[in-house]
1. Any residue that is modelled with pLDDT under 90, surrounded by 10 or more Cβ atoms within 10 Å (Cβ to Cβ) and outside any helix (DSSP H, G or I) - is there at least one of those in segment 61-68?
2. Say whether the condition of being small (G, A, S) and at pLDDT 90 or above is met by at least one residue in segment 23-30.
Amino acid sequence: MKRLLSLIAIAAIATMYSCGPSAEEKAAREKAEQDSIAAAQEMMRAAEEAAAQQAAAESAAAAAADTSMMQDTMPK
């Protein structure tokens, strides 16, 4: 009886192991993960560039305002 139960247990474990994902499925999952990471990094890069451009525009506007303000306060 013990031998039969052991044989059934081994067969069950072997069956469970063989039902796992194939190498192609693992590779596809890894590629999808890497693609997702690359897309997220690209989005971050684009957001950082947009923020840098906005900061530069705001800085230029502030400099222009300061220059205009200084010209208005100077005696003629």
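1. No, the conditions are met nowhere in segment 61-68.
2. Pass one, segment 23-30, residues small (G, A, S): 23, 27-28.
When the remaining residues are screened for being at pLDDT 90 or above, the result is 27-28.
Within segment 23-30, one or more residues are small (G, A, S) and at pLDDT 90 or above.
Per-residue answers, yes or no, for (1) among the hydrophobic types (A, V, I, L, M, F, W, C); (2) modelled with pLDDT of 90 or more:
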residue: L5; (1), (2): yes, yes
residue: A11; (1), (2): yes, yes
residue: S18; (1), (2): no, no
residue: Q53; (1), (2): no, yes
residue: T73; (1), (2): no, no
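The values are calculated or read from the model by the stated rules, or taken from the named source; none is laboratory data. Keep in mind the model is a prediction, meaning the values are calculated, not measured. Heads up, the Cβs are rebuilt from the backbone with ideal geometry, glycines too, and the neighbour counts pull from every protein chain shown.
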